[in-house]
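Asks: Structure in structure tokens, see below.
The values are calculated or read from the model by the stated rules, or taken from the named source; none is laboratory data. For clarity, every value in this text was computed on a predicted model and none was experimentally measured. Cβ sites come from the backbone with ideal geometry, for glycine too, and all protein chains shown count toward neighbours. Accessible surface is based on the protein model in full, side chains and every heavy atom, while ligands, DNA and RNA are left aside. Shrake-Rupley method; radii C 1.70, N 1.55, O 1.52, S 1.80 Å.
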Amino acid sequence: MEDWRGAWYVPCLASLETLQELCRKENLRCKSIGITKRSLKSYEVEYLCDYKVEEGKEYYLVKWKGWPESSNTWEPKKHLNCPLLLQNFLSDKNEYLSRVSKGKTLKVRNHIKALKPAIADYVVKKAKQRIALQRWKEELNRKKNHKAMILVENTVDLEGPPLDFYYINEYKPAPGINVLNGITTGCECADCPAEKCCPKEAGFILAYNKRKKLKIQPGLPIYECNSYCRCGPDCPNRIVQKGTPYSLCIFRTNNGRGWGVKTLQKIKTNSFVMEYVGEVITSEEAERRGQLYDNQGNTYLFDLDYDSDEFTVDAARYGNVSHFVNHSCDPNLQVFNVFIDNLDLRLPRIALFSTRTIKAGEELTFDYQMKGSIDLTSDSADGLSPSKKRIRTVCKCGAMCCRGYLN
């Protein structure tokens, strides 16, 4: 459950079935677990659990929406008006059989009297996963602050939504860290960029061209107009602050890299794609967490080392879509430091821009070593203190120029 401020989260330990039983007993409605005013008094098929044939008639075991599994009933096929759920049931059953056959010729039996328990179990798990991923997708789209859609897809395994991940749109600072330095001034341009626009005042050129594409080299900072600037929302120097303009899909990879992100739209070269957000912590805390993450084979720490190495962004528990973007030694995204409502050089915002044209359906990647973290090659690792030595994580990016390790 989440409190009204959205700042702290307490996981509910009760199962969905227990919650449904409690709600029905007390005549309470809860849309998030499928109990509405309508479903309190009616029956709607949520998914199909099993199949059998008795006396020449086909029956399906039905899980009713908003009702616990103890209320499941066998229903004749002719009573079911749910073609999509029937299609999902058949598809999941065939998927299980094809995986078990492992490429061997599969003998299809047209007169199956009942499903084997292993098949029925798989079908139920797939149905539950489909519902969980749909709810997760709805939650992500409810919490995001940009117009583009976020989709979720898993056609690889039975993995559901991550249990300990919370979607945020901006940095979540640890106690004592101020990610907004109280800027109280902005440019006076009526039509940016003028001579005294924000980038010029900071001593740099405007980062974008007339087509709102990046025109500066990697390593140079981006200074966007802020909330105190005279210019309006259509200002050509307001790009990162508007959020990702592309619909993206969080998908399950088929080569052991966990979740990944692909674009559903074509992305042109030098376009802003997404921002990397998470908890802002001290470098000392990052070192402690890094030991734990390395043991788990995870990489979520992003050093804010544009001007110093005091702070790190940790996207392990709190983050946005960028949490799921995988590493590649030949990436299609590049990291840039951005300053908008905070001019503290120790706390830049991190933006990911395309390095080339990215086709619709292509996976998005960036080079994790571009985070500014220590390069633990065989040569450099020997000179580090024991506390700095990390377990090396094997890289699975598959690029021709793959370095072999993530760190």
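Asks: As I understand it, the dipole of the range 147-366 uses +1 on the Cβ of Lys and Arg and -1 on the Cβ of Asp and Glu, about the Cα centre. Which of Ala316, Ser354, Leu304 lies farthest toward its positive end?
Replies: Of Ala316, Ser354, Leu304, it is Ser354.
Asks: Same structure again: In nm, to one decimal, how far is the Asn255 label point from the Arg392 one, both placed 7 Å along Cα→Cβ?
Replies: 2.0
Asks: Once Lys and Arg get +1 and Asp and Glu get -1 on their Cβ, which of Val100, Cys30, Phe165 lies farthest toward the positive end of the dipole of the chain?
Replies: Selected residue: Val100.
Asks: So what's the angle, to the nearest 10 degrees on a 0 to 90 scale, between helix 16-25 and the longest Cα principal axis of the chain?
Replies: 70
Asks: While we're on this one: Taking amide H positions as placed 1.01 Å from N in the peptide plane, with prolines and chain starts having none, which residues 5 or more places from Tyr51, or on another chain, fall under 5 Å of its amide H?
Replies: Under 5 Å from the amide H of Tyr51: Leu61, Leu115.
Asks: Would you work out the charge dipole size for the chain about its Cα centre, treating the Cβ of every Lys and Arg as +1 and the Cβ of every Asp and Glu as -1, and quote it to the nearest 20 debye? Each step should come with its number before you reach the end.
Replies: Values: 62 positive and 50 negative charges, 427 e Å.
The dipole of the chain has a size of about 2060 debye.
Asks: Which angle between 0 and 90 degrees, to the nearest 10, do you get for helix 117-143 versus the longest principal axis of the chain when only C-alpha atoms count?
Replies: For 117-143 against the chain, the angle is about 40 degrees.
Asks: Could I ask something else about it? Points 7 angstrom from Cα along the Cβ direction at Lys147 and Lys359: gap in nanometres?
Replies: Result: 2.8 nm between the two label points.
Asks: How high is the FRET efficiency from Phe204 to Glu54, r the C-beta distance, R0 60 Å, rounded to 0.05? Before the final figure, lay out each step's value.
Replies: Numbers: r = 76 Å, r/R0 = 1.27.
Efficiency, from the Cβ-Cβ distance: 0.20.
Asks: Using a Förster distance of 51 angstrom, determine the FRET efficiency expected from the C-beta separation of Ser308 and Thr155, and round it to 0.05.
Replies: Plugging the Cβ-Cβ distance into 1/(1 + (r/R0)^6) gives 0.70.
Asks: Taking P(r) over Cα pairs in 20 Å bins from 0, in percent as the quantity of interest, determine which of (i) 25, 58, 17, 0; (ii) 22, 47, 26, 5, 0; (iii) 23, 53, 21, 3, 0 was computed from the displayed structure.
Replies: (ii)
Asks: Under a 1.4 Å probe, what is the accessible area of the chain per residue, stated in Å²? Don't jump to the answer; show the numbers that get you there.
Replies: Working: 22930 Å² over 407 residues.
So the chain comes to 56 Å² accessible per residue, rounded to a whole number.
Asks: Next up: Can you give the FRET efficiency for Arg346 and Gln134, using 1/(1 + (r/R0)^6), R0 = 35 Å, r = Cβ-Cβ distance, to the nearest 0.05?
Replies: Details: r = 41 Å, r/R0 = 1.17.
The value I calculate is 0.30.
Asks: If you count, for each residue, the other Cβ atoms within 10 Å and average over each peptide, how do 78-86, 234-242, 19-27 line up from highest to lowest? Please list the in-between numbers first.
Replies: Numbers: 78-86: 12.0, 234-242: 18.1, 19-27: 14.6.
The densest-packed peptide leads the list: 234-242, 19-27, 78-86.
Asks: Carbon and sulfur: what percent of the chain's accessible surface (1.4 Å probe)?
Replies: 52
Asks: Using a 1.4 angstrom probe on the protein heavy atoms only, line up Ser227, Ser98 by accessible area, largest first.
Replies: Numbers: Ser227 85, Ser98 60 Å².
Largest accessible area first, the residues go Ser227, Ser98.
Asks: On to the next question. Sort all Cα-Cα distances of the range 147-366 into consecutive 5 angstrom bins from zero, then give the percent of pairs in each bin up to the one containing the longest distance.
Replies: Distribution as computed: 1, 7, 14, 18, 19, 17, 13, 7, 3, 1, 0, 0 percent.
Asks: What's the magnitude of the charge dipole for the range 147-366 around its Cα centre, counting Lys and Arg as +1 and Asp and Glu as -1 at the beta-carbon? Answer in Debye, nearest 20.
Replies: Dipole of the range 147-366, to the nearest 20 debye: 1180 debye.
Asks: Starting from the residue with the highest accessible area, list Thr155, Thr393 in decreasing order, probe 1.4 Å. It would help to have the intermediate numbers written out before the result.
Replies: Details: Thr155 100, Thr393 20 Å².
Solvent-accessible surface, decreasing: Thr155, Thr393.
Asks: Now a separate question. Which one of Lys200, Lys113, Lys359 has the biggest mean-square fluctuation once the chain is modelled by GNM with Cα springs under 10 Å?
Replies: With Cα springs under 10 Å in the chain, the top fluctuation among Lys200, Lys113, Lys359 is at Lys113.
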